[in-house]
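What follows draws every value from the coordinates through simple rules; no lab data is involved. This is a predicted model, so every value here is computed, not measured. Note: ideal-geometry Cβ built from the backbone for every residue, glycine included; neighbour counts use all protein chains shown.
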Amino acid sequence: MSADPDLPDTAALPLAVDLDGTLIHADTFFESILSYLGSNPLGAFALAGWFGRGRAFVKARLAAYAPKPDELPYDERLLSWLRAEKAKGRRIALATATDRTIAEAVAAHVGVFDDVFASDGFTNLKSARKAEALAAAYPQGFVYAGNESADLKVWARARASVVVNASAELAARAEALAPLERVFPDERDWRAALERAVRPRQWIKNILVFIPLIAAQALGDMAGWSNALLAFFALCCAASSVYLFNDAFDIAADRRHPRKRNRPFASGALSPARGLAVSAGLASAALLVGWVAGVATYVLIYMSLSGLYTMWLKRLVIADIFVLASLYGLRVLLGGEASGHVASSWMLAFCGFFFLSLALVKRVTEIEGAPENIRRGYTLADAPVLKAMGVGSAFAASVVLALYVQSDVAARAYGAPAWLWVLPAASIFWLARVWLLTGRGEMPDDPVVHAVGDRFSLAIALVAALAYAAAVLF
């Protein structure tokens, strides 16, 4: 934060402050569109018609879907300075192209603004229109705080400029139009935020594509491994694309969540517009790599189902859990198709119950750890029932695996099938521990990610791997 010591005193002049990108690390208009489409996906057709009547009209229609003032990510540096200026007796105005309904709600929440200038459903108060309104209201002159190139026309009419979260180039252009009174540099690192948003640690789930190859004892099938590896990369791109898409539509809910409020979109560290652009690029890459591996259709199904989950299915009680389990199972199916070693009915039956149990773990931890208003149709009283379902699914998975071990199929496929009995034992032991931790409230949202960093889980996985190797080799 800096000021020009040679600048004539402008502290007596009214200070007009922009909202989106300046006072807050967010774009209320874009978030309103996402909120509207998230609650009504078919509303895209109505939205297109509204744009024909002008942006001011669209903003007025979407005002009911705007983020709540007490949940917005404010720039605390700017807010502290505004409060200090207010204490000195300076007149402060909120001047924004956002609809007046939203602007007045923010002004009431912040409590430092004397005047509010905003769009009114007919006039989009941006750039030159905003400059004209401020010049007419403050003929003696004003200082303007903004953050984007559209604000240059406002700075051209101002006596001094305050530049917030903008590039050095834009700050220099603003200074050429109006002397700088204050600069608040952008301290956010969007690249680091993007890296967090794509969640590379979640890619570990995609190793499921290699299970059909391993189960088929096809360790020497280089072509199969090559295609499975391509499928793995396709799923990594697809999964990250889905995470960005999902988080963009979950901004409001994430801001109310005790942990998810720190996610890049919710905290304002990353623009959802930029994130969705990257999401589209990753989706294209996923389909391209999937096409090379011969599984583009499966990749498309995975992304489509994930998109439907985000826009609709996650609000359907119980159905949302089965969708989560299906997304795990799709990885196995995709891996079998890519490698040429199709997953057997035994494997699919085991995976169905196993992943259903894990999906229920995820949902229970979210229900018990989330505020009442973001439990997506569930209540806290549902948790014991879901836990019973999850434990039952865990035992069902192990029973399926035990039945396979004693089947004629296993006897013909393995030299020492007796070693396979370790697998159902390891499966139920690990799942029982997962559910015990879940009951204690010690399980994070995703049990798979937890397992990767848990020494006990890794030890169980090692024992199971050695037992499987013994069954194959002996």
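Spatially, segment 138-181 and segment 283-314 are offset by 45 Å when compared through their Cα centroids.
In this calculation the C-beta distance from Arg261 to Phe474 is compared with R0 = 60 Å, giving a FRET efficiency of 0.70. Under 19 Å from a label point set 7 Å out along the Cα-to-Cβ vector of Lys153, the amide N atoms of segment 35-58 belong to 53-58.
Take every DSSP beta bridge whose two residues both sit in the chain; close to 10 percent of them are antiparallel. Maximal additional length on extending the Arg77-Phe45 stretch stands at 7.5 nm, based on 0.36 nm per residue less the C-alpha distance.
When the Cα atoms of segment 258-346 are aligned to their principal axes, the ranges along those axes come out at 45, 33, 20 Å in descending order.
Evaluating 6.51 cos²θ - 1.76 cosθ + 1.60 at θ = phi - 60° for every residue in segment 199-216, the Karplus couplings come out as 6, x, 5, 7, 5, 4, 4, 6, 5, 4, 5, 8, 4, x, 4, 5, 5, 7 Hz, glycine and proline recorded as x.
Over its Cα atoms, what ratio of radius of gyration to 2.2 N^0.38 Å does segment 1-129 give?
1.18
Amide H contacts under 5 Å for Trp312: none, restricted to partners 5 or more places along the chain or on a different chain, H placed in the peptide plane at 1.01 Å from N. Sorted largest first, the spans of the alpha carbon positions of segment 167-269 along the three principal axes are 72, 32, 17 Å. Any chance you could give the angle, 0 to 90 degrees and rounded to 10, that helix 422-440 forms with the longest Cα principal axis of the chain? Here the helix axis deviates by roughly 30 degrees.
Sparse packing (at most 12 other Cβ atoms within 10 Å of the Cβ) combined with a DSSP loop state is found for the following trypsin sites (Lys or Arg not before Pro) in segment 1-103: Lys88. Counting lysine pairs in the chain that sit 8 or more residues apart in sequence, or on different chains, and whose Cα atoms lie under 19 Å apart gives 12.
If you take the beta carbon distance between Phe122 and Phe429 as r and set R0 to 51 Å, what does 1/(1 + (r/R0)^6) give as a FRET efficiency, to the nearest 0.05? The computed FRET efficiency comes out at 0.15. Projecting the Cα atoms of Leu72, Thr98, Phe57 onto the dipole axis of segment 1-111, where Lys and Arg carry +1 and Asp and Glu carry -1 at the beta carbon, places Phe57 farthest toward the positive end.
Subtracting the Cα-Cα distance of Trp421 and Ile318 from 0.36 nm times their residue separation leaves 33.9 nm of extension gain.
Its Cα centre serving as origin, the chain has a Cβ charge dipole (Lys and Arg +1, Asp and Glu -1) of approximately 560 debye. The long axis of helix 455-473 is offset from the longest Cα principal axis of the chain by roughly 40 degrees. Helix 383-405 and the longest principal axis of the C-alpha atoms of the chain enclose an angle of approximately 40°.
Short to long, the 10 Å bins of the Cα pair-distance histogram for segment 371-474 hold 14, 36, 28, 15, 6, 1 percent of all pairs. Annotation: amide H of Gly294 has no partner in the under-5 Å range at sequence separation 5 or more or interchain, hydrogens built in the peptide plane.
In sequence order, segment 28-38 has phi-based couplings of 4, 5, 5, 5, 5, 4, 4, 5, 5, 5, x Hz under the Karplus curve 6.51 cos²θ - 1.76 cosθ + 1.60, θ = phi - 60°, and Gly or Pro positions carry x. The phi torsions of segment 255-270, fed into the Karplus equation with coefficients 6.51, -1.76 and 1.60 and a -60° offset, translate into couplings of 5, 8, 8, x, 10, 5, 5, 8, 4, x, 5, 5, 7, x, 6, 9 Hz, rounded to whole numbers, with Gly and Pro shown as x.
Once C-alpha pairs closer than 8 Å and six or more residues apart are averaged by separation and normalised to the residue number of the chain, the relative contact order reads 12 percent.
Round to the nearest 0.05 the FRET efficiency obtained for Glu132 and Leu308 when R0 = 56 Å and r is the Cβ-Cβ distance. Intermediate results must be reported in sequence, preceding the final value.
Values: r = 46 Å, r/R0 = 0.82.
For R0 = 56 Å, the calculated efficiency reads 0.75.
With the simple model of a label 7 Å out from the Cα in the direction of the Cβ, Glu169 to Ala64 spans 4.2 nm. Identify the residues of segment 329-357 with backbone N under 20 Å of a label point that sits 7 angstrom from the Cα of Val399 along the Cα-to-Cβ direction, or state none. The answer is 345-357, whose backbone nitrogens lie closer than 20 Å to the label point.
When all alpha carbon pairs of the chain are counted in 10 Å bins from zero, the resulting P(r) reads 4, 17, 24, 20, 14, 11, 7, 3, 1, 0 %.
Close amide H pairs (under 5 Å, H built 1.01 Å from N) link Tyr138 with no residue at least 5 positions away or on another chain.
In segment 1-149, what percentage of the DSSP-assigned beta bridges are antiparallel, given to the nearest 5?
Antiparallel bridges make up about 10 percent of those DSSP assigns within segment 1-149.
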